[in-house]
Amino acid sequence: MLTYPDIDPVAVSAGPFEVHWYGLMYLVAFLAGWWLGRLRTRRPGTTWKAEEIGDLMFYFALGAILGGRIGYTLVYNLPGFIDDPLVILRIWQGGMSYHGGMVGVFIAMWLYARHTRRTFFFVSDYLAPLVPIGLGAGRIGNFINGELWGRPTDLPWGMVFPFVDNLPRHPSMLYEALLEGLVFFIILWVYSRKPRPTMAVSGLYLLVYGSFRFLVEFVRMPDAQIGYLAFDWLTMGQVLSLPMIVIGAAFMVYAYRRKDGAVSW
C-alpha cells in the first residue's frame, strides 16, 4: 500500500506571485508539442515547414485552454459557475475538461486550416501525434493537485489519499498519465511515421483515446457533483468517450476505403 505524497501544488512562490505545478504542466504540454512538431518537419516528403509550427501550437493552445475550461464549467461545474461566475477564470485550481478542450481544438484547427488553405483533416492528422505527451503532463498535474483519485482497491499499488479517507484507492490519474501519455504517444508516433490516408491518424487518435479513457473510468471516481449516471458505474467521461470510439473507427474505415489516394504527411 502506498500513501499519497504531500506535494505543494505551488511550484514557485514570491510574495503574492505564485506559479502552480498545474500551470507548468500546460507549459510542458505546449513546448513538447512545438518541439515534436518541428521534429516532424524534418521527415522527407512532408509539406510542413518548421516556422509554421509556432502558429499551429498557438491555435492549439488557445482552443485547448478555452474549450477545456468552458467545457468543464458547463458540464461538470455548472452550479458552481452560477454561484460564482469568476470561477471560470481560476484555471490554476484545476478543472479542465478533456472533451471540452477537444472541441475547442477542433474549432481552432478549422480556423487554422482555413487560414493556411489546408483541409481540416490534413491539419488534425499532423497535430494528433503531438498531443499525448501534453495529456500525460496534464494528468501529472492532476496528481500533484490531488484530484481525480480512483475507487477503493486491494491491489498492492493502491494509494491512500489522506484528504479523502484512509482507504487504498486506484491512483487513476497515474494510470491515465501512462496510457494517455506514454502509451498513446508511442502508438500515434509509430503509426504516423509513414504517410497514411487522410483522416486515418485523426481516426486512430479518437479511437485509442476514447478506449483508454472509457476503461480507466471503471476505476476512477466520478465527479462528486455528477456521480454515476447509471448502473453504479457509467460516468460522464464514458458517455463522452463512446462517440469518440465510434467516430474514430468510422474515420479509419472511411480513410482506407476512399478512392482518391489522399495522404496526410
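Scan region 40-59 residue by residue and report those that are part of a helix (DSSP H, G or I) and not basic (K, R). Within region 40-59, A50, E51, E52, I53, G54, D55, L56, M57, F58, Y59 qualify.
Pairing residues of region 239-259 that are surrounded by 14 or more Cβ atoms within 10 Å (Cβ to Cβ) with residues that are charged (D, E, K, R) and in a helix (DSSP H, G or I), at Cβ distances under 7 Å and at least 6 apart in sequence or on separate chains, gives S241/R213.
Residue by residue, here is whether (1) within 21 Å of F60 (Cβ to Cβ); (2) of a type in the set (S, T, N, Q); (3) loosely packed, with under 15 Cβ neighbours inside 10 Å; (4) touching a strand residue (DSSP E or B) at 6+ places or on another chain (Cβ under 6 Å) holds:
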site	(1), (2), (3), (4)
N77	no, yes, no, no
S97	yes, yes, no, no
M102	yes, no, no, no
H115	yes, no, yes, no
V123	yes, no, no, no
N142	yes, yes, no, no
E147	no, no, no, no
G150	no, no, no, yes
D165	no, no, yes, no
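Among what's in region 18-49 and is polar (S, T, N, Q) and surrounded by fewer than 15 Cβ atoms within 10 Å (Cβ to Cβ), pick the residue that is nearest to S172 (Cα to Cα). Among those that are polar (S, T, N, Q) and surrounded by fewer than 15 Cβ atoms within 10 Å (Cβ to Cβ), it is T46. Checking each residue in region 211-243 for being under 21 Å from V190 (Cα atoms) and among the hydrophobic types (A, V, I, L, M, F, W, C) picks out only F212.
Of all residues in region 7-17, those being in contact (Cβ under 8 Å) with a residue 60 or more places away in the chain and either buried (at least 16 other Cβ atoms within 10 Å of the Cβ) or not aliphatic (A, V, I, L, M) (or both) number 1. Applying the condition of being surrounded by fewer than 22 Cβ atoms within 10 Å (Cβ to Cβ) and out of contact with any Lys or Arg (no Cβ under 9 Å at 6 or more places or on another chain) to region 214-225 and asking which residue is farthest from R139 (Cα to Cα) yields Q225. Screening the candidates S172, S202 for the property of being more than 30 Å from G227 (Cα to Cα), buried (at least 16 other Cβ atoms within 10 Å of the Cβ) and of a type in the set (S, T, N, Q) yields one hit, S202.
For region 19-55, a tally of residues being aliphatic (A, V, I, L, M), touching a helix residue (DSSP H, G or I) at 6+ places or on another chain (Cβ under 6 Å) and free of Cβ contacts under 8 Å to residues at least 24 places away in the same chain returns 2. Looking only at residues of region 58-69 that are in contact (Cβ under 8 Å) with a residue 40 or more places away in the chain and more than 14 Å from H99 (Cβ to Cβ), we find that the one that is surrounded by the most Cβ atoms within 10 Å (Cβ to Cβ) is F60.
Throughout, read-outs are computed from the coordinates displayed, never taken from laboratory work. In this text the structure is predicted, and so the values were computed from the model without any measurement. Please note: Cβ atoms are built from the backbone with ideal geometry, for glycine as well, and neighbour counts cover all protein chains shown.
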